[in-house]
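Down below is the structure, laid out as structure tokens.
Any read-out appearing in this document is the output of simple, stated calculations on the displayed coordinates, not a laboratory observation. Fair warning: this is a prediction, and the values are worked out from it, not measured in the lab. Note: ideal-geometry Cβ built from the backbone for every residue, glycine included; neighbour counts use all protein chains shown.
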């Protein structure tokens, strides 16, 4: 009992104990906040990539697409041994292209490189989170490329008769296909990324970053790409009407991707019933390695087939995030290490100051083990209180990190910039296991650095300790 009373007395009466607690508290709070923010960014990136890429992707490196027709490929997958693990499939076409539109009173031409994605929005929404990223809420409930009545009126008002799309002229191309309809009465809808239809603007009055529209629903854009010829890359182009914009909060996608109807893009490129990707959603993602292995046997790589999971497609980025997070934790844990050396120095001072008290305790019958337990218990209490207060402070900062960031931005002009990922706010995710490991590490360091002073105190002889005074 005397051990607990002495530890509690030292904790309450000594100012240096408060210094140790604050040192551990700041280190733990920093680790909790940084890990929560890193986990939030990592989780949001993974969620976006997973939603945009689906679980498993079968793709062709050829701009002509798969040598097999889409129906044949999907039928083979449905008849394979892994069909029971598949929940939904969606064929898509992804090709490079150029997007152009006119802006300003002088109708200046703006041209940007883009990735054109031909897809069926209904089936694409079944294999990922595609549908939930539309700007218009009603389109998320019923994904389509249809224009709203307001967009249709705007398109009809501003657009004259448009020229027909240009189809490949290479004699080695497939037989000529009739141009898809593109009359002003029935425009073909397209959904560009939010970064294409909007630009970032800092309000000089409020200092806040705002999104200003460049292209509104109903505006006309022109997309140009290449046809699916066998020899020469013949350019093809067509005009589209902006139906909506898609906001994934990923700069790479929001500023480079344009989604159009897959059947229209097939006809424009004279691809027939061929596609470049088949995206697959699984009932249980843990079966992904088995599904990938079977599909690689079904579609060998030497025949222009590549089969990967969404994690395989983004392996470099995901590994970089994990490595950076690990290195950051290692560097920040040095703060707790500094607190450990602080405990070591303070405990060494306490042992010297309490030499006479230690001698009295030993002369009254206290054992070496009892003295050792007093100082180890003291170190444990410092670690527990420091880690506890640090966890509370870290969780509080994490929960209110965005209001805190807004306040710091107003005071200093430096803060989180949404230009990088188009995030509206700093994403956070509190991981209980990570918080627990940080606490265990901090308490362990506090106890470990109190071992040597505790051993020195335990080794003191009663006569030597009393003679010291």
- Query: Taking the highest mean first, how do the peptides 86-95, 191-200, 403-412, 59-68 order by number of other beta carbon atoms within 10 angstrom per residue?
  - Reply: 191-200, 86-95, 59-68, 403-412
- Item | Whether segment 209-303 is rounded, prolate or oblate, judged on the alpha carbon gyration tensor where a/c under 1.5 counts as rounded | oblate
- Give the calculated FRET efficiency between residue 395 and residue 448 to the nearest 0.05, with a Förster radius of 25 Å applied to their Cβ-Cβ distance. 0.50
- Message: Highest mean first, how do 41-48, 109-116 rank when packing is the count of other Cβ atoms within 10 Å averaged over residues?
- Response: 41-48, 109-116
- Task: Determine the gain in length on full extension of the stretch residue 331-residue 436; use 0.36 nm per residue of separation and subtract their C-alpha separation, reporting nm with one decimal.
- Result: 36.0 nm
- Calculated FRET efficiency for the pair residue 341/residue 142, C-beta based, R₀ 51 Å, to 0.05: 0.25
- Message: Between segment 210-225 and segment 131-146, what is the separation of their alpha carbon centroids in Å?
- Response: 17
- Simple spin-label estimate for residue 233/residue 96, 7 Å along Cα→Cβ, in nm, reads 0.5
- Full extension from residue 263 to residue 132: what is 0.36 nm times the residue separation minus their Cα-Cα distance, to one decimal in nm? 44.9 nm
- Cα gyration tensor of segment 19-103, axes a ≥ b ≥ c as square roots of the eigenvalues: rounded (a/c below 1.5), prolate (a/b > b/c) or oblate? oblate
